[in-house]
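Below you'll find the structure, written out as structure tokens, and then a few comments.
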Amino acid sequence: MTLTMIERKNSSKLLLSVQNLKIQYRKKNEYIEAVEDVSFNIDRGKVVALVGESGSGKTTTALAIPNLLPANAIIKEGVILYKGKNLIQATHEELRAIRGKEIGMVFQDPTSFLDPLMRVGDQVAEVIVKHESIKKKEAILKAKNILEKMRVTEPERIYYYYPHQLSGGMAQRVVIGMAIACQPSLLIADEPTSNLDLTVQAQILNLLKALNHELGMSILLISHDLGVVSGIADRVVIMYAGRIMEEGDVHSIFKNPRHPYTRALLVASELGEDMVKQQNDFPSDLLSSSSGCCYRHKCPYVMERCKENPIEILLDQDSRVYCWLYSNES
Ligand code: ATP
Ligand code: MG
């Protein structure tokens, strides 16, 4: 993201600013370029969707924010400013205080996140006790209240259930409850609905939207399906092969998608096709920092110039695209 774009953002509204993030994974003696020059902002109270097919670097970007990357990941470059503080340089103590309390996280598979041997309500209460200096009894009351807010039916009863007694949707409500128990300013939700059937998916998205409205909580919502984020996101960031292809407000992305990849995602979503299945492994040359547009091998509009790295092209007030097709519009 150019400096002008960052400066244009009103800093009092800005909650998170990811700037020029570059992340590699080490695998034996090989280095995989998972994220390359990724920049985006999240304003307070806004929902930003990170969309791209499998392997495009969404989870890697998300995990970098609260510094939860696996041990073989290396942050090569970049800044992650959260409320003005660079989280990449934060100490273990600072990060521990931020995780859960300032930044909540929800993942694809709620059951893997829950302790199978502990009552689900107690797991919510435990998060509260960890971050707030209150007694267990008070935390239990609060946890029941949170379950109710998560629209868990019969929270008094469900509190005492074990994870295996819950449906997938109910388990995800509990996990979201744990993530927002301490009213974080940012919720990172990584494919929170992709394991759920369509009706339950819609209910969980409605719940997230309600939490965004009621608590003013910002959300980074990750999905491989543009359709999933259409009703909830304020802004959309499109990623492919570790790079940003396009970013804009939700209306411009849906009404006037510019990048050929964004268009392909839209068509796939309209047809109900699952882009996640299309490409589980990028050819290694696409995930390396070799020059040229990484989408050129699939792009119907490919031209000679695409062998050069596309530059950021500002389209309107705060939309941008990385595609040579628009180089005359800037
Ligand atoms: P998905 O939609 O499948 O969740 P994603 O967009 O979240 O995909 P990432 O999981 O961030 O993508 O992966 C980005 C790239 O990094 C991929 O090429 C992936 O194979 C690689 N990668 C991810 N995790 C690791 C790891 N722990 N070790 C090595 N490579 C990894
Ligand atoms: Mg992922």
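The values are calculated or read from the model by the stated rules, or taken from the named source; none is laboratory data. Because the structure is a prediction, the values reported are computed rather than measured. Heads up, the Cβs are rebuilt from the backbone with ideal geometry, glycines too, and the neighbour counts pull from every protein chain shown. Surface accessibility is based on the protein's heavy atoms, side chains included, excluding ligands, DNA and RNA. Shrake-Rupley method; radii C 1.70, N 1.55, O 1.52, S 1.80 Å.
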Inset, instruction - Quickly work out the Asp316-to-Asp109 label distance, labels modelled 7 Å from Cα along the C-beta direction, and quote it in nm with one decimal. - result: 4.2
Inset, instruction - Please report, to two decimal places, log10 I(q)/I(0) for the chain at q = 0.08, 0.11, 0.12, 0.16 Å⁻¹ as given by the Debye formula with identical point scatterers on the Cα atoms and no solvent. - result: -0.38, -0.71, -0.84, -1.41
Inset, instruction - May I ask you to give the percent of accessible area on the chain that is carbon plus sulfur, with a probe radius of 1.4 Å? - result: 50
Legend entry - Proximal lysines relative to Lys142, as straight alpha-carbon distance under 29 Å, when same-chain residues fewer than 8 apart are discounted: Lys46, Lys83, Lys101, Lys130, Lys209
Legend entry - Stokes-Einstein D in µm²/s, Kirkwood radius over Cα pairs - region 112-183 at 4 °C with 1.567 mPa s viscosity: 111
Inset, instruction - Before rounding to the nearest 500, sum -39500 (n - 2.57) across all DSSP H runs of length at least 4 in the chain and divide by the residue total; then give [θ] at 222 nm in deg cm²/dmol. - result: -9500 deg cm²/dmol
Inset, instruction - With a probe of 1.4 Å, find how much accessible area region 112-183 has per residue, and write the answer as a whole number in Å². - result: 53
Inset, instruction - Mind checking which aspartates and glutamates have their Cα closer than 15 Å to the Cα of Lys135? Skip sequence neighbours fewer than 8 apart in that chain. - result: Asp122, Glu126
Inset, instruction - Quick one: which residues, 5 or more positions from Ala34 or on another chain, have an amide H under 5 Å from its amide H? H modelled 1.01 Å from N in the peptide plane, none for Pro or chain starts. - result: Ile23, Gln24, Tyr25
Legend entry - Amide hydrogen neighbours beyond the local backbone of Asn309, cut-off 5 Å, H modeled: Gly292
